[in-house]
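Participant: First the structure, then my questions, so here it is.
The values are calculated or read from the model by the stated rules, or taken from the named source; none is laboratory data. None of the values given here were measured: they were computed from a predicted structure. Please note: Cβ atoms are built from the backbone with ideal geometry, for glycine as well, and neighbour counts cover all protein chains shown. With ligands, DNA and RNA removed, areas are computed over all heavy atoms of the protein, side chains included. Shrake-Rupley method; radii C 1.70, N 1.55, O 1.52, S 1.80 Å.
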Amino acid sequence: MAGRSYKTEAVVLRSFRFGEADRVLHLYTRERGRIGAVAKGVRKTKSRFGGRLEPLSHVELMLHQGGGELQTVTGAELVRSHREAREDSYRLGAGLVGAEAMLRLFPEQEANERAFRALVRFLDLLDELSPVKRATGLDPLVLSFQLKLLWLSGYLPHVTSCADCGAETGLAGYSPTAGGAVCGACANGALPLSRDGLLGIEGLLQRPLAEASDAGLTDRGAREALGVITASYEYHGGFRLRTLSA
Ligand SMILES: [Zn+2]
């Protein structure tokens, strides 16, 4: 084969059927960031890839880059299967929100070691995640992961003082155009943000992913954090996550 082969760790973010027996994979790789690749014959019973290329799998791949847009998977070994995450509906729902956030916020073929590590850490924690009595989109781990991705993308909402006038007290809303929380005087047209929401977002931003459930998020705080995240997606990226509207 002409072209170049290389080895990289990768996470399968999404996969589509392609032709009779193949799949197209959307991958986030350690070496090159986001790439698309085809896994040939992966849907055959005796595929040499076994069940190693399922969504959320953390794998080590041999990839071949030819002339086309899609690379070709020529070898796959499991680092972690994340079967525990995939086979539980709550965890799977949470994982697919994280995978879609990754796809939308890091669409470039460009390595980002911190984003890759955050993704891998998120998936490791997902394997042991217990459901909270809220919708998946309001889970502290899922909210924390998305806030961290926003931060790594440079879209971190600023919530400790008014993003418009700098006031440190009387914060009352969130304005994506201002880039963060705003005080009562500047809150015209902003999303309402209570003390629960402000403390919840700050708590999530200050803690590592593994401690997201210790951030003291109330139901109201979780709803408002999600509101801030979706408003940031819409304002900065012009998108909504399909997995969050389910
Ligand atoms: Zn203000």
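Participant: Tell me which GluC sites (Glu not before Pro) from segment 130-237 have a DSSP coil assignment and no more than 14 other beta carbons within 10 Å of their own.
Facilitator: Glu168
Participant: At a probe radius of 1.4 Å, what is the per-residue accessible area of Arg104, in Å² to the nearest 10?
Facilitator: 100 Å²
Participant: Can I ask one more? When the chain is treated as a GNM, springs tying every alpha-carbon pair under 10 Å, which of Leu198, Leu141, Leu56 comes out with the largest mean-square fluctuation?
Facilitator: Maximum fluctuation in the GNM of the chain, among the listed residues, is at Leu198.
Participant: Under a Cβ-Cβ cut-off of 14 Å, what is the net charge of the residues other than Gln71 that fall near it, where Lys and Arg count +1 and Asp and Glu count -1?
Facilitator: Once positives and negatives cancel, what remains is +3.
Participant: Helix 113-126 versus the longest principal axis of the chain: what is the Cα-based angle in degrees, 0 to 90, to the nearest 10?
Facilitator: 90 degrees
Participant: Okay, next question. Compare Ala163, Ala85, Ala135 in a GNM of the chain, Cα atoms joined below 10 Å, and give the one with the largest fluctuation.
Facilitator: Ala135
Participant: I've got another one for you. Which whole-percent values make up P(r) of segment 164-246 when all C-alpha to C-alpha distances are grouped in 10 Å steps starting at zero?
Facilitator: Per 10 Å bin, starting at 0, the Cα pair percentages come out as 19, 45, 33, 4.
Participant: Here's something else I'd like to know. Could you state the accessible area per residue of the chain in Å², with a 1.4 Å probe and every protein chain left in place?
Facilitator: 49 Å²
Participant: Let me ask another. After finding the eigenvalues of the alpha carbon gyration tensor for the chain, what semi-axes result from the square roots of 5 times each, listed largest first in whole Å?
Facilitator: 37, 19, 14
Participant: While we're looking at this one, here's another question. Just tell me which lysines come within less than 25 Å, Cα to Cα, of Lys40; anything on the same chain fewer than 8 places away is out.
Facilitator: Lys7
Participant: Could you tell me what a quarter of the Cα convex hull surface of segment 4-81 works out to, in nm² with one decimal place?
Facilitator: That works out to 4.5 nm², a quarter of the Cα hull's surface.
Participant: Taking the alpha carbon gyration tensor of segment 39-80, what are the square roots of 5 times its eigenvalues, largest first, to the nearest whole Å?
Facilitator: Those come to 18, 13, 8 Å.
Participant: Let me ask another. Among Leu125, Leu138, Leu92, which one shows the highest mean-square fluctuation when the chain is modelled as a Gaussian network with alpha-carbon springs under 10 Å?
Facilitator: Leu125
Participant: Between the helical axis of 219-232 and the dominant principal axis of the chain, each derived from Cα atoms, what acute angle in degrees is found, rounded to the nearest 10?
Facilitator: The helix 219-232 is inclined about 70 degrees to the chain.
Participant: With a sphere of radius 11 Å drawn around the Cβ of Ala210, what net charge do the other residues whose Cβ falls strictly inside it have (Lys, Arg +1; Asp, Glu -1)?
Facilitator: In short, -2.
Participant: Considering only protein heavy atoms and a 1.4 Å probe, what is the carbon-and-sulfur percentage of the accessible area of the chain?
Facilitator: Carbon and sulfur atoms account for 46 percent of the accessible area of the chain.
Participant: Of the beta bridges DSSP finds with both residues in segment 4-81, what % are antiparallel, to the nearest 5?
Facilitator: 95 percent
Participant: Moving to a separate point now. What is the local net charge at Arg223, summed over the other residues whose Cβ is closer than 13 Å to its Cβ (Lys, Arg +1; Asp, Glu -1)?
Facilitator: Net local charge, Arg223 excluded: -2.
Participant: Rounding to the nearest 10 and keeping the result within 0 to 90°, find how far the Cα-based axis of helix 89-105 lies from the longest principal axis of the chain.
Facilitator: Roughly 90 degrees between the two axes.
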